[in-house]
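The values are calculated or read from the model by the stated rules, or taken from the named source; none is laboratory data. Treat the numbers as computed from the prediction; the structure is a model and nothing was measured. No Cβ is skipped: glycine too gets one built from the backbone with ideal geometry, and neighbour counts run over all protein chains shown.
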Amino acid sequence: MIRTKGGSIRRSGTGGSPRALGRARARARRRTRARRPCRSRQRLRRVLALGLPTAWGAIAITYKLTCPLAQQNGLGARIATCAVFFAVGTGLMFHVRRGLLRELRQIRKVAGATQGVLLRPPPPRVDGLAVAAAQFSADRGAGVGGDLYEVIGTEYGVRVVMGDVRGHGLAAIGTVAAVLGSFREAVHDEPELPGVLRRLERAMARHLRERAKAEHPSSGLDPDGSVAEEFVTVLLLEIARDGEVRALNCGHPWPYLLRTDAGQGGVRGPVEHLGHGDPLPPLGLFPLPADLPVVPCGRLLPGETLFLHTDGVEDARDGAGRFFPLTAALTDTVRDRPASPQAVLAALLTRLLAHADGFPGDDVAVLVLRNDRVHTPVGHSESAAQHSTP
């Protein structure tokens, strides 16, 4: 590698022709010249940012000290003096405001890129499943709150996590990062869901220890502190190639199964709540038990949809204090017509925001997955039997 002032030139082998090196140096000089106007503009903006307020102040002081009109006590002189100082103050305020807005735009740009890496949008399709997701924070200044989700295709099937960290807004982002980072690695390494959940538990415990050391560097973890009460609800799903759905639930709302052909299939309606027994406690409150039985949730047939959500959806209230009717909203969305995940998401969030007068009081996350695979080896009748709640 040969480095020049304007860039670097990569050489292969032990030598290079003089003509090739000359062309490379010429390209480096052109890049350097292209950067100079940009640097000149930046330098000019910095000079103006410092020079304009200084010039305004110098003009005002010079006027007050040397102008005969400023030494008079008449009404006109006072008006003129006030006008000069008002112009100076207004110019300074506008200059400061422009600087703050420019800095705020830059901070939001960086924060948006960071948040996009942390809670990145899922791909539209994962191993034959159509996917749509959305979330927003209860803190209007934050793009990411305490809710988390991820959909990853692995050799063991499509694995999904949906979670909700205690609290909301910027304070919960560290826990979200710890849980999602562990999940993204564990789903490829662990052949069974219990192994994934235990990896999440260890990551959560490690995160809490690090926070405790940061908040109480001398005395260790304070049992009465905020870290001692930190926890996260987690729903883990595994969707096999044949549509078989298996779950582990740590204190999170169970998903909904949406059908569009319920009238042809029998007694069940278009929306079914897949609630199977009592969930495990949230991560961070108590250690996981030694035995982690995976809950079978039936099969997701082609054309059927899973709707996952955080409790911010059901807990949203209107002006009269009434909770959001999630089951009724889902039924109206899928009744008598097939709906894509994006359509389900848009219709549900539209009704939710209308119900909550524009902004719910808690973080909200919604994840919709539809089976678009063309073949499932198990028939509809067997699936209907397995979908029934014990």
| request: Six or more apart or on different chains, Cβ under 8 Å: which pairs go from a residue in region 255-283 that's at positive phi to one that's at pLDDT 80 or above? Could you list them? | output: Gly277/Val295
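Pick from Phe307, Phe359: which is within 16 Å of Leu129 (Cβ to Cβ) and either within 20 Å of the chain's Cα centre (by Cα) or polar (S, T, N, Q) (or both)? Can you show your working first?
Working: Phe359 fails: within 16 Å of Leu129 (Cβ to Cβ).
After ruling out the rest, the residue left standing is Phe307.
For region 169-211, give me each residue that is closer than 27 Å to Pro296 by Cα and hydroxyl-bearing (Ser, Thr, Tyr).
Taking region 169-211 and keeping what is closer than 27 Å to Pro296 by Cα, we get 176, 179-204.
The answer is Ser182, and nothing else.
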| query | Which one of these does Ala354 not meet: (1) modelled with pLDDT of 80 or more; (2) surrounded by 13 or more Cβ atoms within 10 Å (Cβ to Cβ)? | reply | (2)
